1. Report, ordered by chain and residue number, the lysines lying within cross-link reach of residue 125, taken as a straight Cα distance under 18 Å and ignoring same-chain residues fewer than 8 apart.
2. Residue by residue through segment 178-183, what is 3J(HN,Hα) from phi via Karplus (6.51 cos²θ - 1.76 cosθ + 1.60, θ = phi - 60°)? Round to whole Hz and write x for glycine and proline.
3. Quick one: Karplus J couplings for segment 20-28, per residue in order, coefficients 6.51, -1.76, 1.60, θ = phi - 60°, nearest Hz, x for Gly and Pro?
4. Could you calculate the FRET efficiency of residue 152 with residue 195 from 1/(1 + (r/R0)^6), where r is the beta carbon distance between them and R0 is 25 Å, rounded to 0.05?
5. For the pairs 135/185; 35/135; 88/202, note any where the Cα-Cα span goes beyond 29 Å.
6. For residue 161 and residue 28, what is the calculated FRET efficiency with R₀ set at 25 Å and r taken between the beta-carbons, to the nearest 0.05?
7. Express the relative contact order of segment 101-205 as a whole percentage, based on alpha carbon pairs under 8 Å and six or more residues apart in sequence.
8. Roughly what would the spin-label model give for residue 72 and residue 178, points 7 Å off Cα along C-beta, in nm?
Amino acid sequence: MAIVEKSSTARVEERRRFFRIDDEVNLVYKKIDEKATIEPSHVSDHILSHCSLSAAIDMVSQESALLLNRLERSQPEVADYLRLVENKIDLLVQAITMQDSLFTEQNTRNVNLSASGLAFESEEKLNPGEFLEVKMTLVSCMAVVVTYGKVIYCKQNPVNDSQFPYVVGIDYINMKDQDRELLIKHVVKRQLQQIRDKKIQKDRQ
């Protein structure tokens, strides 16, 4: 049998699937019809104050960082002022995010997170093959991701938790590219942070 070599895109997607972290996010979801997952437009209609805002500011921040580094050499005081303005904008984004009544402390859940799928604690049993609209706040960076997902499995929570007796695994559907990039950056950042935390704990022992 001939071995078909995987495309570079397939290899990247495969790596993403296995690049996962345990994290804590603020998450809400609702069941939807499969037809709703075909077009991402209705999800995007109201995301400017949430997901697109976080993702767009993240991209702009990357560009501005390069300009600030150049400006710092010639006009350091101006660069410092612009950084303060950028910090104010970040605080405003966080305030807008937290004003959403959907994202409350009671919706904080333990998850296993990647750029291709998600496993999360659930208060109800969901059936494999069901489709969801998922909204989650990445607590550590206050970015919001809104996407569709297909339920792959639902099993008993190995942790005895009366609030969340189930663990549900989903694969993302029609996730926007900028949101996937935001998730990848978050996963990498959190993994590095967790490695550093473990090293610090080990050094203290």
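We did not get these values from a lab; they are worked out from the coordinates using the rules stated. All values reported here derive from a predicted model rather than from experimental measurement. No Cβ is skipped: glycine too gets one built from the backbone with ideal geometry, and neighbour counts run over all protein chains shown.
1. Output for residue 125: 30, 31, 150, 155.
2. Taking θ as phi minus 60°, the curve returns 5, 6, 5, 5, 4, 5 Hz for segment 178-183.
3. Computed from phi, the couplings for segment 20-28 are 10, 9, 8, 8, 10, 10, 8, 9, 10 Hz.
4. 0.35
5. 88/202
6. Efficiency for this residue pair is about 0.90.
7. Value for segment 101-205: 27 percent.
8. Label at residue 72, label at residue 178, 2.6 nm between them.
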